[in-house]
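The values are calculated or read from the model by the stated rules, or taken from the named source; none is laboratory data. Keep in mind it's a predicted model, so treat the numbers as computed, not measured. No Cβ is skipped: glycine too gets one built from the backbone with ideal geometry, and neighbour counts run over all protein chains shown.
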Amino acid sequence: MRNIFHAWISNYKNVVISILSLIILLLLYFRQPNVVYMMDKSSNKVILPFGSGKRHDMGECKPIYGKVGVFVAFRKAQYDTKYKIAQDTLHCYLKGTNYEAFFVEIFDDPEVQKHCHHEEIFFLKHCAASVYLKKVDWLLVLDADTMVANPNHCIEEYIDERVNVILYNRFFNHEIMSANYLVKNTQFGHDFLMGWADYQYKKPNSFNAADNGALHIHVLETVLPQAKPEIATCLEMWGEGKDYDEYLAYVHCVRYMLGANRLFPGKIRILKRGLGMARDGFLAVDKFCDNDFMFHGHKQNEIGEGGWESPFERPVNVSQCGAHYEGWYWRNNKRVACTEVQQHLRSFESGYDAPNVSRVIPFLDRNDVGQCWPYCDFN
């Protein structure tokens, strides 16, 4: 009788949850009839599907996920010599949106100085981001050399509310990209940033790639904390790296341990190569299509410097910018069909040849149970 009662209670709860969810969906629909919602089975919450909030003809970027901010940390001396072209495109883009912008002189900002004590700029950046994250619901963190190639996008397109941190894979070497990411103003979001920043004090004395190297093991420890032997294997490889090729072996170790899964509910989503909010412009010789948003890695202060064509024939005119295309001076041959960009990416992908020393299969090339037996498995 008791089992029947418990079964009835369980079914009753499921029915109530379903009815309430339906009511919420209907209320949301009539409030915003052009927005599509879905039920997240892992949390039984009504959410917006990933990719919502697309921008059309430079229209409004609606705050469907709350207040969104954009954070860029820089050093003044480098800004004047390296980043003006890239940052002018970002300023131009922001004039056509309602996003809150935080341009932070990282070694001279009172709030950063108060809360962050990291000496190395790569790690200090993530602590500084955690300080400014408190002011918004979602924060897009960008390197100063990230430029807007196509302003007809909203940041909301890249937000997935099933997670608190959104990263993406770098195209040309399979790294998880440290330069640009989205983070939600939650305890998880703050803890992730501070844990990442504190790797300044834990990184090995090797070819460690600073915060980019730290990001890989930090992600692995965050999403698979129970995988102690696997974490130890990748940590060992990180500490042994003597050059870039051996560093890539460590990157491949982490990618192997993470497996095919890219969505870790409540924690992190890692977007595939070429599908994040930014990609390296050189992959398609600075050509972009409707799907592209931002390009990373533009440190030149003049168009044409070092043979760099750029997507623009001349710098954007920030004074003319707004929710329109005035002020953007693209080269006619750089805005192309997405099929052409796809061909460039496919060619780059097929032509990539990973260094031999980086081609590791951890459970074949390293101890699998020898260091942890008989306590290797977890409950």
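For V251, which of the numbered conditions (1) loosely packed, with under 15 Cβ neighbours inside 10 Å; (2) under 18 Å from the mean Cα position of the chain (by Cα) fails to hold? Result: V251 passes all but (1). Note on the range 238-247: among residues that are surrounded by fewer than 22 Cβ atoms within 10 Å (Cβ to Cβ) and of a type outside the set (D, E, K, R), the one that is nearest to the chain's Cα centre (by Cα) is Y244. When the range 86-123 is filtered for residues that are touching a Leu at 6+ places or on another chain (Cβ under 9 Å) and free of Cβ contacts under 8 Å to residues at least 12 places away in the same chain, only H117 remains. Considering only residues of the range 57-113 that are farther than 25 Å from D290 by Cβ and in contact with a Gly (Cβ under 9 Å, 6 or more places away or on another chain), which is surrounded by the fewest Cβ atoms within 10 Å (Cβ to Cβ)? This residue is E100.
For the range 130-183, the candidate set comprises residues that are among the basic types (K, R) and farther than 20 Å from E111 by Cβ; within that set, the residue that is surrounded by the fewest Cβ atoms within 10 Å (Cβ to Cβ) is R162. Within the range 211-219, none of the residues are at negative phi, over 18 Å from the mean Cα position of the chain (by Cα) and assigned by TED's automatic domain parsing to the domain that holds A249.
In the range 1-90, counting only strands (runs of 3 or more DSSP E) that sit wholly within it, the ones holding 1 or more residues that are closer than 19 Å to V148 by Cβ and at pLDDT 95 or above span 68-74.
The set of residues in the range 159-171 that are under 23 Å from E60 (Cβ atoms) and either assigned to a helix (DSSP H, G or I) or over 10 Å from the mean Cα position of the chain (by Cα) (or both) comprises D160, E161.
Would you confirm whether any residue within the range 327-345 is in contact with a Phe, Trp or Tyr (Cβ under 9 Å, 6 or more places away or on another chain) and among the acidic types (D, E)? Within the range 327-345, not a single residue is in contact with a Phe, Trp or Tyr (Cβ under 9 Å, 6 or more places away or on another chain) and among the acidic types (D, E).
Step by step: first the residues of the range 319-340, then only those that are of a type in the set (K, R) and part of a loop (DSSP other than H, G, I, E, B), then the one that is surrounded by the most Cβ atoms within 10 Å (Cβ to Cβ). Which residue is that? Here the residue is K334. Inspect all residues belonging to the range 341-354 and state whether any of them is part of a loop (DSSP other than H, G, I, E, B) and either under 25 Å from I166 (Cβ atoms) or in contact (Cβ under 8 Å) with a residue 40 or more places away in the chain (or both). Checked the range 341-354: at least one residue is part of a loop (DSSP other than H, G, I, E, B) and either under 25 Å from I166 (Cβ atoms) or in contact (Cβ under 8 Å) with a residue 40 or more places away in the chain (or both). Looking across the range 222-237, the residues that are within 20 Å of R262 (Cβ to Cβ) and either without any contact (Cβ under 8 Å) to a residue 24 or more places away in the chain or buried (at least 16 other Cβ atoms within 10 Å of the Cβ) (or both) come down to T222, V223, L224, P225, A227, E230, I231, C234. Of all the criteria given as (1) over 15 Å from F172 (Cβ atoms); (2) surrounded by fewer than 19 Cβ atoms within 10 Å (Cβ to Cβ), the one not satisfied by I268 is (2). Taking the condition assigned to a helix (DSSP H, G or I) and either under 30 Å from D57 (Cα atoms) or free of Cβ contacts under 8 Å to residues at least 12 places away in the same chain (or both), does E156 pass? In short, yes.
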